[in-house]
Amino acid sequence: MHTDNKNAATKIKSQRSQQINYSMIPRIMQEKNRWVGHVDKIPMNPYNGRRAKSSNPNTWSDLRTAILAVKKHNFDGIGFQL
């Protein structure tokens, strides 16, 4: 992908993520430390930007950290580990 196109795609992803109304997430879910980022539906560790593991809670975070990680690591959005 051409660098200008890649930068444009990154900007669009970031803008799309900022439009999500996180206040609509049920409080019971907000309070759990089961949040990850995601890129192309792949769960990502909000702390370091690497892949999260569905069987390892150390790769999950609280909701606030996951939301901030969307911008920091250029994730597509957030996800909740069941």
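Taking amide H as placed 1.01 Å from N in the peptide plane, the amide H of Val39 sits under 5 Å from that of Met44, Asp76, each at least 5 places away or on another chain.
By the beta-carbon count within 10 Å of each Cβ, the least crowded to most crowded order of Thr59, Thr65, fewest first, is Thr65, Thr59. With a 10 Å Cβ neighbour count serving as the proxy for reagent exposure, in which order, fewest first, do Met29, Met44, Met24 appear? Taking fewest neighbouring Cβ atoms as first place, the list is Met24, Met29, Met44.
Since every read-out is calculated from the coordinates, none of them should be taken as a lab result. Given the structure is predicted, the values throughout are model-derived calculations rather than measurements. A quick note on method: Cβ atoms are made from the backbone with ideal geometry, for glycine too, and the neighbour counts reach across all protein chains shown.
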